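One structure below.
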Amino acid sequence: MSNGSGGPAWPPRGEPAATAGPRGGERRPLVAANWKMHLVRREALAWCRAVREGLQSPAAELVVFPSFPLLPAVAEAIAGSRLSLGGQDLHPEAKGAHTGDVSGPQLRDSGCAWVLCGHSERRRDHGESDELVGRKVAAAERHGLLPVLCVGERREERQAGRTFEVLERQLRAGLTGLTGRPARLAVAYEPVWAIGTGDTATPATAQEAHAFLRRILGESAGAAAAQGTRILYGGSVTPENAAALFAQPEVDGFLVGGASLDPGKFLAIIAGCGRAG
Ligand code: PEP
C-alpha cells in the first residue's frame, strides 16, 4: 500500500474513496447477489426480470455476480437497470495459458464492473492464498474493475480466539498490491462459519468485526479512505435478519448468497437497506 513517498497510496489524492450516500453522507449502501454455481440461462433471465420489476428506488447500489457463462445474457438483461454486473473471480494475469481461468479484460469485455476476490469458497476449493488474493485485487484495479475483497475467519479460528489475527492478515494481504485506482474497493466480512449454514453473525459480532476491519483500513490507507470504504456483511443474510444487521453503523450492506437466488428475498433484503429519499 505504500507509494514509497511515506503517504498512503490508496486512494490517490483528490479522488473519492466511495460514492456518496445516506450512511453519514459518506458510504452508499451496497447489496450484492452472489449466485455461486447456481442457475442456468433461463432461470437467470427470469431472476433479472423479477428483480427489475420489483425494484423501488433502492437506496443501495446493487450488483449481481453470476457464473461466467451467464455473464453476457445477464449483462443484456440488466442493461439500463439499477443493477451492475460482477465476476466471481479473476486470474491475476491479463491473458495467457491458464485453462479454465478468466481475466480482468475478459470480465470487462463481458460487461462487468465488479469482481469478487478471495471468496472463502475459492480459498477452500482452489487453495487460494492470501498472497494470490492480493494479486487478484491488484489485477482488478489494473483492469478497471471494482474489487470486493472477501475476508473471514473459520469456526475453529474464532473458537481459538484468532478472529482478529486472521482478519488483519487477510485484509492487509488483500490490499498489498493496490496502487491507486479505482479507489473504490469494497470489503466483505464473511465469517466462514456463517456462510450457507443459517448461523448468521449477530449484529454485535458483525459490528465488532467491521469496526476492526475499518481500523486496519485506516492504518493502511488513511482515515479518509477507511471512512469511505464500504464494508459488507455476508453469511446467511435473509430478509428476516438484514435490517438488524444493517442498523449497525459499520455495516454498509451485504453480500448475499443463498437468499439472493430468490428474487423476492433479494428484494426484501434490499428494502431492509432503506429507500432513496
Ligand atoms: C456468500 O456466498 O458470499 C454468502 C454469504 O452465502 P450465504 O448468504 O448463502 O451464506
Checked the stretch 251-264 for anything more than 11 Å from the ligand (Cβ to nearest atom) and farther than 15 Å from V51 by Cα; matches are V251, D252, G253
Looking at L185, L217, L245, L178 in this structure, which one is among the hydrophobic types (A, V, I, L, M, F, W, C), within 15 Å of the ligand (Cβ to nearest atom) and either over 18 Å from G118 (Cα atoms) or surrounded by 24 or more Cβ atoms within 10 Å (Cβ to Cβ) (or both)? L245
Kindly indicate whether L267 is closer than 13 Å to A33 by Cβ, more than 15 Å from the ligand (Cβ to nearest atom) and out of contact with any His (no Cβ under 6 Å at 6 or more places or on another chain). yes
All-but-one check, E153 against (1) within 28 Å of I78 (Cβ to Cβ); (2) crowded, with 20+ Cβ neighbours inside 10 Å, failing number (1)
Residues (of a type in the set (D, E, K, R), in contact with a Leu (Cβ under 7 Å, 6 or more places away or on another chain) and free of Cβ contacts under 8 Å to residues at least 40 places away in the same chain) located in the stretch 40-84: R41, R82
Residues satisfying the stated conditions in the stretch 125-139, i.e. in a helix (DSSP H, G or I) and either out of contact with any helix residue (DSSP H, G or I) (no Cβ under 7 Å at 6 or more places or on another chain) or modelled with pLDDT under 95 (or both): D125, H126, L132, R135, K136, A138
Of all residues in the stretch 125-151, how many are within 14 Å of the ligand (Cβ to nearest atom) and either without any contact (Cβ under 8 Å) to a residue 12 or more places away in the chain or at positive phi (or both)? 1
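Please work out if L255 is touching a Phe, Trp or Tyr at 6+ places or on another chain (Cβ under 7 Å) and modelled with pLDDT of 95 or more. Reasoning before the result, please.
Details: touching a Phe, Trp or Tyr at 6+ places or on another chain (Cβ under 7 Å): no; modelled with pLDDT of 95 or more: yes.
Spelling it out, it is not the case that L255 is touching a Phe, Trp or Tyr at 6+ places or on another chain (Cβ under 7 Å) and modelled with pLDDT of 95 or more.
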What's the number of the condition V192 fails, among (1) within 16 Å of the ligand (Cβ to nearest atom); (2) over 20 Å from D252 (Cβ atoms); (3) surrounded by fewer than 20 Cβ atoms within 10 Å (Cβ to Cβ)? (3)
Scan the stretch 57-95 for residues that are of a type in the set (A, V, I, L, M, F, W, C), more than 26 Å from A271 (Cα to Cα) and not in a helix (DSSP H, G or I) and jot them down. L90, A94
Could you tell me whether A204 is at pLDDT 95 or above and within 15 Å of the ligand (Cβ to nearest atom)? no
Which members of the stretch 142-163 meet the condition of being within 17 Å of the chain's Cα centre (by Cα) and hydrophobic (A, V, I, L, M, F, W, C)? L145, L146, V148, L149, C150, V151
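The values are calculated or read from the model by the stated rules, or taken from the named source; none is laboratory data. All values reported here derive from a predicted model rather than from experimental measurement. Quick reminder, even Gly has a Cβ in these numbers, built from the backbone with ideal geometry, and neighbours come from all protein chains shown.
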